[in-house]
1. If you take the residues in region 127-166 that are within 27 Å of THR264 (Cα to Cα), more than 16 Å from the ligand (Cβ to nearest atom) and surrounded by 15 or more Cβ atoms within 10 Å (Cβ to Cβ), which one is nearest to the chain's Cα centre (by Cα)?
2. When you scan region 66-102, how many residues do you find that are exposed (fewer than 13 other Cβ atoms within 10 Å of the Cβ) and of a type in the set (Lys, Arg)?
3. Taking only region 253-289 into account, find how many residues are open to solvent by less than 20 Å² (accessible area, probe 1.4 Å), more than 12 Å from the ligand (Cβ to nearest atom) and closer than 22 Å to ALA223 by Cβ.
4. Take the residues in region 219-239 that are at pLDDT below 95 and closer than 26 Å to ARG287 by Cβ; name whichever of them is nearest to the ligand (Cβ to nearest atom).
5. Go through region 292-396 and tell me which helices (runs of 4 or more DSSP H), entirely inside it, have 3 or more residues that are under 16 Å from TYR214 (Cα atoms) and open to solvent by less than 10 Å² (accessible area, probe 1.4 Å).
6. So which residues in region 108-117 are assigned to a helix (DSSP H, G or I) and among the small types (Gly, Ala, Ser)?
7. Can you tell me how many residues in region 231-244 are touching a residue at least 24 places away in the same chain (Cβ under 8 Å) and open to solvent by less than 50 Å² (accessible area, probe 1.4 Å)?
8. Looking at (1) open to solvent by 10 Å² or more (accessible area, probe 1.4 Å); (2) at pLDDT 90 or above; (3) over 30 Å from ASN48 (Cβ atoms); (4) not in a strand (DSSP E or B), find the lone condition where LEU105 falls short.
Amino acid sequence: MTVDTPGSQSALREANQRRVIHAVRSAGALTQAEIARTTGLSTATVSNIVRELRSGGTLMVTPTSSGGRRAQSVSLARATGLLLGVDISATRLRAVLCDHEHEVLAEESIDYDVAQSVERGLRRTEWLVSTLLRQNRIDRNSVRGVGVSVPGPIDADSGLIAHPSALPAWLGAEVAEELCDRLGLPVFVDNDANAAALGELVWGAGRGCSDLVYLKLSTAVTAALVLRGEIYNGAGGLAGEIGHITVDEHGRICRCGNRGCLETLVGAASLLDLLPPGRTTVAPNLRTLVAAAVRGDLGCRRVIADAGRAVGAVTAMLCNVLNPNRVVVGGELAGAHDLLLNPIRDTLARQTLARSAAAVDVISAQLGERAAALGAVALVERTLAHAAEAGAVWRG
Ligand SMILES: [Zn+2]
């Protein structure tokens with residue numbers, strides 16, 4: 001652990017940040033050259049500090065002119081700005097714009113084959129956000145930040161997309177940094193389960209709940225843990241990867257490299273594989289499998305009931321460890337509602353301490369495909385609020 005002494009590099013950097021913030025706050029708005037003159041710092045130092053404080057959401061930068069030349073005006077970011085949420089999934093991009101009171105002002109989604117290329121996926125994301133702002137006549141500088149949901153864990157140290165991502169081509173992608181450069185706005189990234197859980201916590205099935213487990217049952221199988229109202233990421237950003245808990249050590253090899261993970265039993269590909277030959281016309285994908293089950297197809301119902309029992313056994317472990325008061329079931333499989341939820345509830349009742357089982361409600365998610373984009377909005381809000389509470393933003 002590094003201990004900051006008054007003369008250390010980080011103490012000096014913080015002191016310089018305070019001088020820049022103080023100068024900007026006193027003047028309302030300054031060019032970077034004016035900040036350098038006011039503070040006595042070099043232009044290179046000012047440039048670095050402005051970039052850091054801008055990406056942290058403290059300062060905003062707008063084009064202006066100074067003495068007939070193009071320059072950039074630096075001012076404090078407003079606390080009551082707009083918030084953008086973006087959900088990047090394998091086949092679809094969605095962007096949501098909200099005000100600080102959580103009202104959705106605009107929303108747009110497009111089909112796009114994101115899996116092929118990071119470069120094209122990020123370019124399309126930039127286009128979607130820019131289009132949403134332009135069509136709604138929103139000044140980019142009124143946006144405090146952009147939250148982004150991606151289908152894969154985010155490494156806590158590097159901020160890069162980590163293994164096992166649902167988008168192998170995106171492994172190691174620097175989504176936050178790349179989009180920050182493209183959009184000129186602070187960007188905060190988290191995985192899709194955490195984002196969807198935040199969405200449900202603020203807008204949907206998790207409202208008013210302090211300790212909940214969110215299950216995302218779709219092509220991939222993962223979970224998010226909300227403890228005392230906050231997402232728990234774990235030491236390395238991998239908390240909640242329930243899809244890779246071993247449930248059959250003689251089972252199939254998983255995409256993570258282990259054998260018999262939960263996802264090898266209840267991931268979309270495995271569920272569809274269970275249907276007899278010739279049934280693929282009834283259920284070529286997870287959505288149609290769920291629809292057929294809801295219509296009464298006995299084979300599809302059995303597939304979903306067995307999946308519910310397998311998910312229930314892993315959820316029972318989580319309930320014994322964490323004692324949540326709600327389990328919110330999301331992802332495409334959750335469209336089966338009680339056909340899936342009842343086997344989860346039954347297994348929980350059998351395999352969880354009686355008081356833990358009595359304390360927990362198992363319910364369907366409410367926000368559907370919008371959960372992760374809305375949650376990404378909440379991610380921006382929470383990250384900026386935590387930074388402010390930590391004193392990193394408004395100190396001085
Ligand atoms: Zn696995």
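The values are calculated or read from the model by the stated rules, or taken from the named source; none is laboratory data. Only a predicted model underlies this, so the values are computations on that prediction, with no experimental measurement involved. As a convention, Cβ positions derive from the backbone with ideal geometry for all residues, glycine included, and neighbour counts pool all protein chains shown. Surface areas here come from the heavy atoms of the whole protein model, side chains and all, with no ligands, DNA or RNA. Shrake-Rupley method; radii C 1.70, N 1.55, O 1.52, S 1.80 Å.
1. Once the filter is applied, the top-ranked residue is SER149.
2. Total meeting the criteria: 3.
3. 4
4. ALA220
5. Values: elements: 298-322, 338-351, 354-359, 371-389.
Passing ranges, in order: 298-322, 338-351, 371-389.
6. Looking only at region 108-117, we keep the residues that are assigned to a helix (DSSP H, G or I), and these are 114-116.
ALA115 - this is the single residue of region 108-117 that is assigned to a helix (DSSP H, G or I) and among the small types (Gly, Ala, Ser).
7. 9
8. Status for LEU105: all satisfied but (4).
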